[in-house]
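Novice: If you scroll down you'll find the structure; I have some questions about it.
The values are calculated or read from the model by the stated rules, or taken from the named source; none is laboratory data. Since the structure is predicted, the reported quantities are computational estimates derived from the model, not experimental observations. Here the Cβ is made from the backbone with ideal geometry for all residues, glycine too, and neighbour counts use every protein chain on show.
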C-alpha cells in the first residue's frame, strides 16, 4: 500500500529535511465552513515567518507571478510579509517532485528550506484554514492577512490532508497530487525532456515500486477538472484541491485562468472563497520585493 502522506511530502520536498508534517488522528472535527460569511471582523494574521515562500516553491520550482491574474493582485508590499520571505527554492536542489516537472516553465530563484519542507501537509492545511477564516470574516482578499508560523502550529485537524479520505475512498493526499499534476498540465503536456527529468528525480526520491507506478500512471493519465473536483468529500477538501491547483500553475496564463474558474465552479466554492485561496497561494510563492 502506498504511504500517501510520505508521497505527498515528497511532492512538497518535506522528506528531505527529515521533518514531516503530522497526520491528524481521528476524524475531522468542527462544523462545515460553508455558510453565509458573518459581518466583517478582524482575524489575527500578519507576516509570514520561516520562509514559506521558499518552501512553497519546493512544490513549484518557479517564481511567483503577480499582476492581473486570476488570483488577483495581493499588494504584498504592505502586507507585513517581512524580510524572511527570501527567494523561492528551486525544485531540483530541494527534491520536490512536482517542481521538477514545472522547473522548465519559468525561472527558478535561489534559496531553500522553509515551512513546507519542515511541515509538509500541515502548511497546506494552514493556508486553506487561513483563507477560510479571512473569507468568513468578510475581509477583502487583497487586504487579508496571510499565513504565519503560528497558523501552521494551530491549524484545525479538519483542514489537514489526512483528516478524511477522498470521496472515492482513496487517501486524500493522492487526490491532491493528482490535482497538482492536472493543474500543472492545464496549459499543455509533458515533453520527453521533462519526463526524463521527472524519472530521474523519482528514482532519487527512494519511492517504492507502487508509489513510482502511481506517479507515472498519473502523469500519463488524462486528468480533467471534473475528475479532480469529484475527489472532494468535504468543503475543507474542496478548498485544498483549489489551493494546490493554484500553487501548481501560473494564473496569468489564459488557459490556466480558465482551468481555475472551471475548477471553482465544479467544487461549488462559495462566492469569494476562491479569491481568498488564491491570495494565500500567491503570497506563499511570491518573493519579497
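Novice: Report, ordered by the first and then the second residue, all pairs with beta carbons closer than 6 Å, sequence separation of six or more or different chains, a first member in the stretch 204-216 that is assigned to a loop (DSSP other than H, G, I, E, B), and a second member that is at pLDDT below 90.
Specialist: 205/10
One line per residue, one yes/no per condition, for (1) modelled with pLDDT under 90; (2) under 30 Å from residue 130 (Cα atoms); (3) out of contact with any helix residue (DSSP H, G or I) (no Cβ under 6 Å at 6 or more places or on another chain):
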{"position": "144", "(1), (2), (3)": "yes, yes, no"}
{"position": "149", "(1), (2), (3)": "yes, yes, yes"}
{"position": "166", "(1), (2), (3)": "no, yes, no"}
{"position": "182", "(1), (2), (3)": "no, yes, no"}
{"position": "187", "(1), (2), (3)": "yes, yes, no"}
{"position": "214", "(1), (2), (3)": "no, no, yes"}
{"position": "229", "(1), (2), (3)": "no, yes, no"}
{"position": "251", "(1), (2), (3)": "yes, yes, no"}
{"position": "255", "(1), (2), (3)": "yes, yes, yes"}
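Novice: Residues to consider are 223, 177, 181; find the one that is outside any helix (DSSP H, G or I), under 18 Å from the mean Cα position of the chain (by Cα), crowded, with 17+ Cβ neighbours inside 10 Å and in contact (Cβ under 8 Å) with a residue 12 or more places away in the chain.
Specialist: 223
Novice: Let me ask something additional. Do we have any residue at all in the stretch 148-164 that's assigned to a loop (DSSP other than H, G, I, E, B), within 20 Å of the chain's Cα centre (by Cα) and closer than 29 Å to residue 253 by Cβ?
Specialist: Here is the first cut: in the stretch 148-164, the residues assigned to a loop (DSSP other than H, G, I, E, B) are 148, 154-156, 160, 164.
With within 20 Å of the chain's Cα centre (by Cα) added as a condition, the list becomes 148, 154-156, 160, 164.
When the remaining residues are screened for being closer than 29 Å to residue 253 by Cβ, the result is none.
Taking every residue of the stretch 148-164 in turn, none turns out to be assigned to a loop (DSSP other than H, G, I, E, B), within 20 Å of the chain's Cα centre (by Cα) and closer than 29 Å to residue 253 by Cβ.
Novice: Shifting gears a bit: Let me spell it out: the conditions are (1) part of a helix (DSSP H, G or I); (2) in contact (Cβ under 8 Å) with a residue 12 or more places away in the chain, and residue 187 meets all of them except one. Which number is the exception?
Specialist: (1)
Novice: Oh, and also: Answer with yes or no whether residue 237 is touching a helix residue (DSSP H, G or I) at 6+ places or on another chain (Cβ under 8 Å), crowded, with 24+ Cβ neighbours inside 10 Å and closer than 17 Å to residue 181 by Cα.
Specialist: Numbers: touching a helix residue (DSSP H, G or I) at 6+ places or on another chain (Cβ under 8 Å): yes; crowded, with 24+ Cβ neighbours inside 10 Å: yes; closer than 17 Å to residue 181 by Cα: yes.
When the stated conditions are applied, residue 237 passes them.
Novice: Output the number of the condition that residue 141 fails; it satisfies all remaining conditions of (1) surrounded by 13 or more Cβ atoms within 10 Å (Cβ to Cβ); (2) over 20 Å from the mean Cα position of the chain (by Cα).
Specialist: Every condition holds for residue 141 apart from (2).
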